[in-house]
Each structure stands twice: as C-alpha cells, then as structure tokens.
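Have a look at the structure below before the remarks.
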Amino acid sequence: MTLTPPATAEAAAARVEPAAVDTIEGRSPWQLAFVRLRHDRVAVGSSAVICLIVLLAVLAPVVAHLLGHGPNQQFRTTGLSAEGIPVGPGSTFLFGTDDLGRDVLVRVLYGARISLLVGVVASGLAVVLGVIIGLAAGYFSGAVDTVLSRFMDVVLSLPYLIFAIALVSLLGPSLMVSVAVIAFFSWASVGRIVRGQVLSIKEKEFVEAARSVGAGHLRIMFVDILPNVLAPTIVYATMLIPLSIVFESTLSFLGIGVLPPTATWGNMLSESIAYYRVAWWFVAFPGLALLITTMAFNLLGDCVRDAFDPRGNRLFVAVED
C-alpha cells in the first residue's frame with residue numbers, strides 16, 4: 001500500500017484558488033482619491049454645479065441669441081418703467097432688467113465667462129509660479145532659500161487690496177491687468193506650501209538614490225520631487241479659484257477691474273447700489289451667482305483635501321463599485 005506524503009506549505013499554497021489571488025488589487029493614492037471623490041455626494045454635487053455654470057457661460061451667446069437680447073443691448077421702452085425703474089422678472093426678461101434696461105440674465109451669463117476666465121487663468125499662473133519658486137527654495141539651501149523665502153514673506157505681508165488698487169491705477173484697468181495682479185498676490189501662498197513639502201521630501205531615500213546615479217538637479221526637482229507635492233498643490237489650487245473670482249469681483253466693484261459696459265458680476269453689483277430698494281433682482285441674481293460659484297468651488301476643494309489626506313476620516317471607508 002502506497003502512503004501519501006504529508007502536504008507541505010508549498011503544496012498548500014499551490015492549491016490556492018487563482019480567483020482568490022486575483023481579488024487582491026493594489027491602487028495608487030491617486031486612484032484611491034478619485035474613488036473617494038466619485039463616491040462623495042458633496043464632491044459630485046459641487047462638480048455638477050461647476051459643470052453647469054461652465055456650460056451656461058460657454059452657451060451665453062446662444063442664450064442671448066435665443067432671447068434676442070444682447071449683453072449690452074438697452075431696452076428703454078420695455079426694459080424700464082415710466083419712472084425709469086428697472087422692470088422685474090417676467091416672461092420677457094426672466095431675471096428682470098438693470099438701470100439701463102439691459103437683460104440681467106444675459107449679463108449674468110456673460111459675467112460668468114469673465115469670472116471663470118479670471119479665476120482659472122489667474123489661479124493657474126499663481127500655481128505655476130508658486131510651484132517653480134517653492135521647488136527652488138525648498139531644494140536649494142543657503143542663500144537661494146533665504147532670498148526666495150524672504151521674497152515670499154514680503155509678498156504675503158503686503159496689504160493686497162491697497163497694492164492692487166495702486167497697481168491697477170498705475171497700469172490702467174483691464175482684464176489682463178486684473179489677471180496679472182491677482183496672480184501676483186496669490187503665488188506666494190502656493191510657494192510656501194510647496195517649499196515646506198520639498199523640505200520634508202528632499203532627504204528621502206529615493207531622492208538620495210537619484211543623486212547617487214548622477215541625476216541632475218532639474219530632473220530630481222521635476223521628476224522625483226514634484227509628483228509628491230502635486231496633491232496639496234491641487235487642493236490649494238481648487239480653493240484658490242474662488243478667491244480669484246471674489247478678488248476680480250472686488251476690483252470690478254470698486255471700478256478698477258474690468259470696465260463697463262463689459263458684463264461682470266462685480267460691475268453689476270456696483271451698478272445696483274442705487275436700486276437695491278426698488279429692484280431687488282438687480283443685486284440678487286449676480287450676487288447669488290457669485291455665491292453659488294464660490295461655494296461650489298470651496299466645497300469641491302474641501303472634498304479634494306479629504307480625498308488626498310491619508311489621515312482623513314474617509315480613508316478607511318469601504319468603497320463598493
């Protein structure tokens with residue numbers, strides 16, 4: 001009679017079902033963050049609101065054509081009462097009219113184009129400049145770090161609204177000047193965040209390994225270190241967009257941003273000051289558009305922060321596909 005040898009650990013491991021092994025799937029931090037965002041109702045809702053605002057801004061000329069109301073077209077007879085008061089919301093003017101008889105709905109949509117353009121472009125420029133200077137300050141020690149850090153401290157210490165007014169008054173109000181001013185007063189915060197992250201990463205083993213094989217400074221900075229500081233940079237960039245939108249609206253409200261008759265939310269709020277008692281829609285709709293846009297970006301920024309934070313409460317939430 002033949003005796004069967006006892007099963008060894010290797011033989012037992014060999015008999016493990018392949019399907020059980022296939023169920024174990026590794027995910028990168030970026031994939032985990034995306035999955036958390038995809039299953040976050042607040043993130044999905046705020047993203048849907050932002051996409052809707054962007055779509056309406058893109059389709060603003062189409063809406064104006066369908067309504068037959070241009071953004072600067074004045075309706076003196078139908079858009080103003082006999083006393084010269086703006087007409088309220090109705091079938092002809094869904095959001096009412098302003099002090100010159102212009103359609104508030106069309107101007108709100110055109111104002112969204114300006115606000116989103118300034119917010120995205122100014123934030124993008126601030127992030128790019130802040131990342132480059134922050135990388136250089138954190139990676140190079142000594143005099144380079146000292147000079148760049150003190151420069152960032154000076155920019156952060158400036159009363160930005162006063163200096164923005166002075167710069168715009170000196171250069172002249174325009175869209176590009178507003179973008180440049182907002183980017184200039186925003187990049188230093190990004191630079192400080194990136195510098196702090198680089199200081200904690202540049203002494204890691206993988207950076208030392210890159211140095212040992214002869215990698216240059218630029219390759220280490222942009223290939224080895226930069227991907228590891230993108231997460232906090234993206235989070236701050238998401239929260240920087242609403243700040244830029246509010247900054248542009250403030251400049252336009254004060255009359256030193258985008259000049260009339262170009263429709264911006266800041267210009268509309270400034271024009272509505274004398275009519276808010278008799279024409280609530282004149283101030284309500286541009287103000288509501290500004291509030292919804294900034295709130296949506298802020299909520300999305302909070303969700304992105306929670307998704308990338310490995311110590312957040314949502315890290316160990318079970319995700320069901």
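The values are calculated or read from the model by the stated rules, or taken from the named source; none is laboratory data. These figures come from a predicted structure and were not determined experimentally. Cβ placement follows ideal geometry from the backbone for every residue including glycine, while neighbour counts extend to all protein chains displayed.
Given the options ALA180, ALA215, ALA164, name the one that is farther than 30 Å from ALA33 by Cα and either touching a residue at least 60 places away in the same chain (Cβ under 8 Å) or among the β-branched types (Val, Ile, Thr) (or both).
Just a single option satisfies the conditions, and that option is ALA164.
Spot the failing condition for LEU171; the list is (1) of a type outside the set (Ser, Thr, Tyr); (2) over 19 Å from ALA137 (Cα atoms); (3) crowded, with 18+ Cβ neighbours inside 10 Å, and only one is missed.
Only one criterion is unmet by LEU171, namely (3).
Taking the conditions exactly as written (part of a helix (DSSP H, G or I), at pLDDT 85 or above and of a type in the set (Gly, Ala, Ser)), does ALA296 satisfy them or not?
The answer is yes for ALA296.
Please tell me if ALA210 is of a type in the set (A, V, I, L, M, F, W, C) and in a helix (DSSP H, G or I).
In short, yes.
How many residues does the stretch 81-115 hold that are surrounded by fewer than 19 Cβ atoms within 10 Å (Cβ to Cβ) and of a type in the set (A, V, I, L, M)?
The qualifying residues number 4.
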